[in-house]
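J.: For reference, the structure I am asking about is given below.
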Amino acid sequence: MPDAARGFAVTPASLALLASAVGRVRDELERTADLGDGVGPALGSDMVAGALHHFVTGWHDGRAQICADVGQLSDLLTQASQAYGNTDGDLAAAMS
């Protein structure tokens, strides 16, 4: 039977792994350096330096929002993993 016909399965363990991977993405984003710092004088133009500063400031703010959103996604995946694990445990206990 083709994989598409079988659908997919989600396990508490796979959700926990995904939560961990998403958390690592957030961590890497948070460690990303603002590479525009201190390069203004080397650009030779106040206009270019100003544009770069504007971009870096926007990226810094945007990155902070992305990190917050990705962190929240990681937390929600962890909660889902725990809820599914608890439900599986409750169902197994009820069947025995």
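J.: Looking at 80, 64, 68, 92, can you tell me which residue is open to solvent by less than 80 Å² (accessible area, probe 1.4 Å), of a type outside the set (Lys, Arg) and touching a helix residue (DSSP H, G or I) at 6+ places or on another chain (Cβ under 8 Å)?
T.: Numbers: 64 fails: touching a helix residue (DSSP H, G or I) at 6+ places or on another chain (Cβ under 8 Å); 68 fails: touching a helix residue (DSSP H, G or I) at 6+ places or on another chain (Cβ under 8 Å); 92 fails: touching a helix residue (DSSP H, G or I) at 6+ places or on another chain (Cβ under 8 Å).
Being open to solvent by less than 80 Å² (accessible area, probe 1.4 Å), of a type outside the set (Lys, Arg) and touching a helix residue (DSSP H, G or I) at 6+ places or on another chain (Cβ under 8 Å) holds for just one of 80, 64, 68, 92, which is 80.
J.: Of all the helices (runs of 4 or more DSSP H) wholly in region 1-76, which have at least 2 residues that are within 27 Å of residue 87 (Cβ to Cβ)?
T.: Values: elements: 3-6, 12-31, 40-43.
Per the criteria, 3-6, 12-31.
The values are calculated or read from the model by the stated rules, or taken from the named source; none is laboratory data. The shown structure was predicted, so the numbers you read here are calculated from the model rather than taken from an experiment. A quick note on method: Cβ atoms are made from the backbone with ideal geometry, for glycine too, and the neighbour counts reach across all protein chains shown. The area values use the complete protein model at the heavy-atom level, side chains included, leaving out ligands, DNA and RNA. Shrake-Rupley method; radii C 1.70, N 1.55, O 1.52, S 1.80 Å.
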